[in-house]
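The values are calculated or read from the model by the stated rules, or taken from the named source; none is laboratory data. The structure presented is a predicted model; accordingly, all values stated were derived computationally and were not measured. Cβ placement follows ideal geometry from the backbone for every residue including glycine, while neighbour counts extend to all protein chains displayed. To get the accessible areas, we keep the full protein, side chains included, count just its heavy atoms, and leave off ligands, DNA and RNA. Shrake-Rupley method; radii C 1.70, N 1.55, O 1.52, S 1.80 Å.
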Amino acid sequence: MTVLEQPGAYRLAPPPGWRPRLDPAPLLPDAEPFRLLGTDADLDPETLTRLYRELVRGRRYNEQATALTKQGRLAVYPSSAGQEAAQVAAGLVLAERDWLFPSYRDTLSAVARGLDPVEVLSLLRGDWHSGYDPRATRVAPLCTPLATHLPHAVGLAHAARLKGEDVVALALVGDGGTSEGDFHEALNFAAVWHAPVVFLVQNNGFAISVPLAKQTAAPSLAHKAVGYGMPGRLVDGNDAAAMHRALGDAVAHARRGGGPTLVEAVTYRIEAHTNADDATRYRTDDEVRAWREHDPLALLERELRSRGLLDDAGAEEAARDAEELAAGMRDRMNQDPELRPMDLFADVYAEPTAQLDAQAAQLRAELDAEAQAAAESDTESQAEARGEGGAR
Amino acid sequence: MSTVDAAAPGGTDTDPGAAAARKPVSMAQAINRALRDAMAADPAVHVMGEDVGALGGVFRVTDGLVREFGEDRCTDTPLAEAGILGTAVGMAMYGLRPVVEMQFDAFAYPSFEQLISHVARMRNRTRGALPMPVTIRVPYGGGIGGVEHHSDSSEAYYAATPGLHVVTPATVADAYGLLRAAVASDDPVVFLEPKRLYWAKEEWSPEAPEEVPGIGRAVVRRRGGSATLITYGPSLPVCLAAAEAAREEGRHLEVVDLRSLVPFDEETVAASVRRTGRAVVVHESAGFGGPGGEIAARVTERCFHFLEAPVLRVAGFDIPYPPPMLERHHLPGVERVLDAVARLQWESGWTMSGDGGGDGGTEGGEGGGK
Ligand SMILES: Cc1ncc(C[n+]2csc(CCOP(=O)(O)OP(=O)(O)O)c2C)c(N)n1
């Protein structure tokens, strides 16, 4: 019989001096996703109304961006339709001095934070890797490699604290991203350094086609927090009020010096992974339908109406505001972006190397030749037009 | 334009005032001094890595920093290379200047995702808004009897990644001067420390370190008119020894120490090869896909009409780094360098005359003119 097989082998007296480092119980997530909508919880009417307006805008934003892919104006768009409550809450809970670290799907969180909706789309349109100034907006570039931005959030929050500045970082990641090594390293660093960071996992059921059950065997993603020594919170990701409360609590906790929190938003990706994906290969219509009935916007609207905070006029006004956002996006996105080829060499290094200077000169010459050829053929065709016109 | 003549390691050609304070100092001590001075000069400089605190690093390079600057500025991190570099990215985003230590060359590999996907391109993807003033110190290379994963020459991976600077000192003065420049740089610098030179001592003045050329400048360590040895880091002493040995046979080898792989100082290298007409690139890392191929191609492009022979390479074999008891068979030594020099078609070519400089000169009787 091996030691492992001996009954109670590990229930003998602990080794001398051993104590558990932390009581795990307070770190454990709720058994059921945390909810506020549909309960008689005391909710701030102003926050509810704000969430509603942003949610209406967010839904419209997703629709418009998806439409723009169909017109070839966006190279690709990973829609967050169905996840708007989590995204909008993430965009609203931060103070101006705080930092947001979004992944490629989290455009809406940046827009809800107040970023220019067209600048946010640069990466996905393909005119540059990032269209906004991260320092000015305190939004890190949308991150495409999974989970690699999470340690950045930890480092930034840590640096801010070392400098004595009151800054919290909120980083977003998908359920698939929690399997990456960087997720582990980021959570571990954050907990050890007691960094003011909030990790928001949007568990939308799938990593492209792979369902959560094939991604992890953990009881929930929020449970992962306990192993690092930080609290985990399980939240109904389609309940905007619950998301706002849970994230707000986590941000406040971090600000008070309480360290990091992992928040899992249980939600669903209504659209395909991106416009290039065929979701019918890995999920059923019934499943999608069931989630549509738990739609974040409908849930919130019902709540507002039942609390007497919204009438038809209010709903129309919110829709008009959203329509304006969409019209602005259309107008600007339907213009060709201004591309500056020489920018390719502009910011590789603070000072370009001799080799890059030589390559830039090569491209400059190619562009000049192109421009000259275009000008010549222009004059020729004008002359031709004039000549022919005169002959006739 | 950027040729700078410097004394060979241990040289004595500096002003007599500074010479008084000179004493034997190892490269590891000079790097330690550079870190201390950088941290003292700029509160944004933070040293972080595995065992860099109380232990002072496994090579003692960070010795004493935690005592002097506290744990917030010299931080023992969890054991996670991606985490170390990834958090350094965030710290740099917030205005700090992290200097991270990767414990050994082969243990930096888990951090390559952060390095390549973020550190190297953050400035570019954000149009200059987020520079990455991160220094990544990597003890690299063999010759110290390390077991598996402790002797890799990983410079080719770094040099192949646009957006990184890649430097490697071979002298005590350069170890100090280049590291100060790396920490002060607003761009990420991979600072490759040749482990087997860590304990090599030279006369150097810690209180008044001499200025050295900056990042991106090569240095002619030895003048000679017969052929150019192009090398860096751990292979510099090998090449200097080979040059000394070749002299007995009447060949005067010029030795160029690159010091920086990226940016690459093409001018200094090309000027030397144009003078000598022959070149051998020497490095420890594998030859296939190694820096030698790139350097040989550039020399050929720049100096084709001056070349008397193909540019040759002396590199490590194209094998995973061997076990310590066999490493001497793998590492390019003086003999292999001299063999390559002997293969530079001395009999078929002609020799340039008169411009060898220094102790150089033309080959008496060799080649026979054209
Ligand atoms: C390191 C890495 N591996 C693979 C991919 C390709 N990829 C893009 S999205 C995705 C699935 C991500 O799923 P999840 O983390 O759940 O986020 P979601 O797309 O559902 O928001 C994969 C595999 C990637 N972007 N990065």
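Couple of notes before you dig in:
- Rough spin-label spacing in nm, given labels placed 7 Å along Cα→Cβ, for B:ALA245 and B:ARG67: 4.3 nm
- What the Cβ-Cβ distance of B:ASP42 and A:HIS129 gives, at R0 = 30 Å and to the nearest 0.05, is a FRET efficiency of 0.55.
- Straight-distance crosslink candidates among aspartates and glutamates, where the alpha carbon sits under 18 Å from B:LYS195 and sequence neighbours closer than 8 are dropped: B:GLU50, B:ASP51, B:ASP63, B:GLU101, B:ASP105, B:GLU148, B:ASP152, B:GLU155, B:ASP174, B:ASP257, B:GLU284, B:GLU327
- Degrees between helix B:236-248 axis and first principal axis of chain B (Cα, 0 to 90, nearest 10): 20 degrees
- Once you reduce segment B:112-176 and segment A:19-72 to the center of their Cα atoms, the two points are 41 Å from each other.
- Measuring only protein heavy atoms, the 1.4 Å probe finds A:HIS184 accessible over about 90 Å².
- Calculated FRET efficiency for the pair A:ALA371/A:ASP116, C-beta based, R₀ 25 Å, to 0.05: 0.25
- Charge dipole (debye, nearest 20) of the protein assembly as shown; +1 at Cβ of Lys and Arg, -1 at Cβ of Asp and Glu: 1060 debye
- Here segment B:65-84 and segment A:323-392 have alpha carbon centers that stand 49 Å from each other.
- Label-point gap, in nm, between B:LEU326 and B:ALA54 - each point 7 angstrom along Cα→Cβ: 4.0 nm
- Dipole of chain A computed with +1 at Lys/Arg Cβ and -1 at Asp/Glu Cβ about the Cα centre; of A:ALA160, A:THR144, A:VAL288, farthest Cα towards the positive end is A:ALA160.
- Computed with every protein chain present, the accessible area of B:ILE116 is close to 60 Å² [probe 1.4 Å].
- Of B:LEU192, B:LEU307, B:LEU236, the residue with the greatest mean-square motion in the GNM of chain B, using alpha carbon springs below 10 Å, is B:LEU307.
- For the options A:SER109, A:SER179, A:SER80, a Gaussian network treatment of chain A with springs between C-alpha atoms closer than 10 Å singles out A:SER179 as fluctuating the most.
- Overall form of segment A:25-334 per C-alpha gyration tensor (a/c, 1.5; a/b vs b/c): rounded
- Cα centre as origin, Lys/Arg/Asp/Glu Cβ charges: segment B:23-204 dipole, Debye: 420 debye
- Of all DSSP bridge pairs formed entirely within chain B, close to 20 percent run antiparallel.
- Options A:TYR268, A:PRO211, A:LEU221, ranked by Cα towards positive dipole end of chain A, top entry (Cβ charges): A:LEU221
- Antiparallel DSSP beta bridges within the protein assembly as shown, as percent of all bridges there, nearest 5: 15 percent
- If R0 is taken as 30 Å, the Cβ-Cβ distance between B:LEU79 and A:GLU5 corresponds to a FRET efficiency of 0.40.
- Furthest towards positive pole of dipole, A:ALA375, A:PRO341, A:ALA360, structure part segment A:341-382, Cβ charges: A:ALA360
- Exposure rank, largest accessible area first [A:ASP311, B:ASP42; 1.4 Å]: A:ASP311, B:ASP42
- Relative to the longest principal axis of the Cα atoms of chain B, the long axis of helix B:27-41 lies at roughly 50 degrees.
- 222 nm mean residue ellipticity, helices alone, for chain A (DSSP H n ≥ 4; -39,500 (n - 2.57); rounded to 500): -14500 deg cm²/dmol
- Per-residue 3J(HN,Hα) values for segment A:108-119, derived from phi via the Karplus relation 6.51 cos²θ - 1.76 cosθ + 1.60 with θ = phi - 60°, read 5, 4, 5, 5, 5, 6, x, 6, 4, x, 7, 4 Hz in sequence order (x marks Gly and Pro).
- Per-residue SASA entry for A:LYS224, accessible area with 1.4 Å probe, Å² rounded to 10: 50 Å²
- Taking segment A:212-237 and a reference point 7 angstrom along Cα→Cβ of A:GLU32, the backbone N atoms nearer than 15 Å belong to A:234-237.
- The long axis of helix A:181-193 is offset from the longest Cα principal axis of chain A by roughly 60 degrees.
- Separation of the B:ALA160 and B:GLU207 label points, Cα + 7 Å toward Cβ, nm: 4.8 nm
- Around the Cα centre of segment A:274-387, unit charges on the Cβ atoms of Lys, Arg, Asp and Glu (plus for the first two, minus for the last two) sum to a dipole of about 360 debye.
- Mean-square fluctuations from a GNM of chain B, with a 10 angstrom spring cutoff on Cα atoms, peak among B:ALA309, B:ALA108, B:ALA88 at B:ALA309.
- Taking a point 7 Å out from the Cα of A:ARG50 in the direction of its Cβ, the residues of segment A:101-127 whose backbone N falls within less than 17 Å of it are A:109-115.
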